[in-house]
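Novice: The following block contains the structure, expressed as structure tokens.
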């Protein structure tokens, strides 16, 4: 029997993006043994293009999607998106195309504001968003808080919370050793270099901690529009910039690090957090998005409020003095990921969802015949 085909939307697979990581993991997971998975490239991440090329791609992409759906007789379109204006309108068109071509739609939200904030409290906007999201057969979000927010909006589609996951085997032999108290605490940031990630607060927090007598150093790994300004703000010491990292270089940084810093203003469920914890590196992270569902304060990391250099400084100072607690947090971090955030578990849940959607499509086709 022919395997059902699912198209997964997402940025270029080589892009440094959480959605790219998500799609790549699914394409290499056990989900690909049960369904034929095809990546449908969307968005501008990972591309070097000017405005005319971007506009042409935007206009042509719905027709490309329709052609792919019909050519592969695809049963499912797995839309990977975020709740922002650009992604919302783009993916609304994709959902319309999918339904016109007879495919079922799984709409997975990876970030952005809560639906109420996205609609800015306007009833007409909320009604429109509620109606358009009815094009999805199922909505998948990253946390129970997100699930309740979409349910409050009153969407017709079922809303499920399925957190991101990582391939724990990639970190199997890299459980982090106990840091020696004689050397500075090694703090690592992995991700986009943008203001909203709290990087200026992180640099200021590091300076405050050092002024209070803490020995600590910071590596910022990534790329983004704030790179030049961050270099100017951080100087040469004790902050180092290493640019974007992948593969073995990323694993080497995780072996180097004692703690991962993620002081974002808002988040979904960052892959950097899951990867760091899988490698036995506890996090200093903000109470935003799905992070509090992964990080238990004082158990496998430290939680703090956004935009607070003072809180970051206190966390660095505390963890730098108590390396035994840091070691326990590292072990607990890895145990958390192994138990609840493995790609095998996520692939099994998505396989069941895909199977249900495909069965509904087949039943609909039989009824029409």
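The values are calculated or read from the model by the stated rules, or taken from the named source; none is laboratory data. Bear in mind that the values here come from a model prediction, so they are computed numbers and not experimental data. As a convention, Cβ positions derive from the backbone with ideal geometry for all residues, glycine included, and neighbour counts pool all protein chains shown.
Novice: If you check 74, 98, which single one turns out to be more than 30 Å from residue 247 (Cβ to Cβ) and not in a helix (DSSP H, G or I)? Talk me through it step by step, then tell me what you get.
Specialist: Working: 98 fails: not in a helix (DSSP H, G or I).
Only one candidate passes the filter, namely 74.
Novice: Against the conditions (1) farther than 15 Å from residue 111 by Cα; (2) in contact (Cβ under 8 Å) with a residue 40 or more places away in the chain; (3) surrounded by 24 or more Cβ atoms within 10 Å (Cβ to Cβ), where does residue 285 fall short? Just the number, please.
Specialist: Every condition holds for residue 285 apart from (2).
Novice: Would it be correct to say that residue 312 is surrounded by 21 or more Cβ atoms within 10 Å (Cβ to Cβ), in contact with a helix residue (DSSP H, G or I) (Cβ under 7 Å, 6 or more places away or on another chain), in a strand (DSSP E or B) and outside the structural domain of residue 36 (by TED's automatic domain parsing)? Reasoning before the result, please.
Specialist: Working: surrounded by 21 or more Cβ atoms within 10 Å (Cβ to Cβ): yes; in contact with a helix residue (DSSP H, G or I) (Cβ under 7 Å, 6 or more places away or on another chain): yes; in a strand (DSSP E or B): no; outside the structural domain of residue 36 (by TED's automatic domain parsing): yes.
The answer is no for residue 312.
Novice: So for the stretch 307-322 (the condition being touching a residue at least 24 places away in the same chain (Cβ under 8 Å) and under 21 Å from residue 22 (Cα atoms)), does at least one residue qualify?
Specialist: Looking through the stretch 307-322, none of the residues is touching a residue at least 24 places away in the same chain (Cβ under 8 Å) and under 21 Å from residue 22 (Cα atoms).
Novice: If you scan the stretch 37-56, which residues turn out to be in contact with a helix residue (DSSP H, G or I) (Cβ under 9 Å, 6 or more places away or on another chain) and closer than 15 Å to residue 93 by Cβ?
Specialist: 40, 42, 43
Novice: Could you grab me the full set of residues in the stretch 94-111 that are over 25 Å from the mean Cα position of the chain (by Cα) and crowded, with 22+ Cβ neighbours inside 10 Å?
Specialist: 103 - this is the single residue of the stretch 94-111 that is over 25 Å from the mean Cα position of the chain (by Cα) and crowded, with 22+ Cβ neighbours inside 10 Å.
Novice: Between 351, 361, 334, which is part of a helix (DSSP H, G or I), within 30 Å of residue 98 (Cβ to Cβ) and within 21 Å of the chain's Cα centre (by Cα)?
Specialist: Answer to the check: 351.
Novice: While we're here: Restricting to helices (runs of 4 or more DSSP H) lying wholly in the stretch 182-283: which have 2 or more residues that are under 28 Å from residue 299 (Cα atoms)?
Specialist: Numbers: elements: 199-211, 227-234, 247-256, 271-278.
In the stretch 182-283, the matching helices (runs of 4 or more DSSP H) lie at 199-211, 247-256, 271-278.
Novice: For residue 188, indicate whether it is modelled with pLDDT of 95 or more and within 17 Å of residue 255 (Cα to Cα). Show your work before the answer.
Specialist: On the way: modelled with pLDDT of 95 or more: yes; within 17 Å of residue 255 (Cα to Cα): yes.
Against the criterion (modelled with pLDDT of 95 or more and within 17 Å of residue 255 (Cα to Cα)), residue 188 qualifies.
A quick yes/no check of all residues on (1) surrounded by fewer than 23 Cβ atoms within 10 Å (Cβ to Cβ); (2) in contact (Cβ under 8 Å) with a residue 24 or more places away in the chain:
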residue: 232; (1), (2): yes, no
residue: 247; (1), (2): yes, no
residue: 252; (1), (2): yes, no
residue: 256; (1), (2): yes, yes
residue: 272; (1), (2): no, yes
residue: 276; (1), (2): no, yes
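Novice: Within the stretch 20-36, is even one residue surrounded by 21 or more Cβ atoms within 10 Å (Cβ to Cβ), out of contact with any helix residue (DSSP H, G or I) (no Cβ under 8 Å at 6 or more places or on another chain) and part of a helix (DSSP H, G or I)?
Specialist: yes
Novice: Before we move on, is residue 79 surrounded by 12 or more Cβ atoms within 10 Å (Cβ to Cβ), in a helix (DSSP H, G or I) and touching a helix residue (DSSP H, G or I) at 6+ places or on another chain (Cβ under 8 Å)? Step through it out loud before you land on a result.
Specialist: Details: surrounded by 12 or more Cβ atoms within 10 Å (Cβ to Cβ): yes; in a helix (DSSP H, G or I): no; touching a helix residue (DSSP H, G or I) at 6+ places or on another chain (Cβ under 8 Å): yes.
No; evaluated as a whole, the condition is false for this residue.
Novice: So is residue 236 in the same structural domain as residue 199 (by TED's automatic domain parsing), modelled with pLDDT of 95 or more and under 24 Å from residue 183 (Cα atoms) or not?
Specialist: Working: in the same structural domain as residue 199 (by TED's automatic domain parsing): yes; modelled with pLDDT of 95 or more: no; under 24 Å from residue 183 (Cα atoms): yes.
For residue 236, the condition - in the same structural domain as residue 199 (by TED's automatic domain parsing), modelled with pLDDT of 95 or more and under 24 Å from residue 183 (Cα atoms) - is not met.
Novice: Something else: Looking for something closer than 24 Å to residue 150 by Cα, in contact with a strand residue (DSSP E or B) (Cβ under 9 Å, 6 or more places away or on another chain) and surrounded by 17 or more Cβ atoms within 10 Å (Cβ to Cβ) - is there at least one such residue anywhere in the stretch 44-64?
Specialist: Our first condition is that a residue be closer than 24 Å to residue 150 by Cα; within the stretch 44-64, this holds for none.
No, there is no match, as no residue in the stretch 44-64 is closer than 24 Å to residue 150 by Cα, in contact with a strand residue (DSSP E or B) (Cβ under 9 Å, 6 or more places away or on another chain) and surrounded by 17 or more Cβ atoms within 10 Å (Cβ to Cβ).
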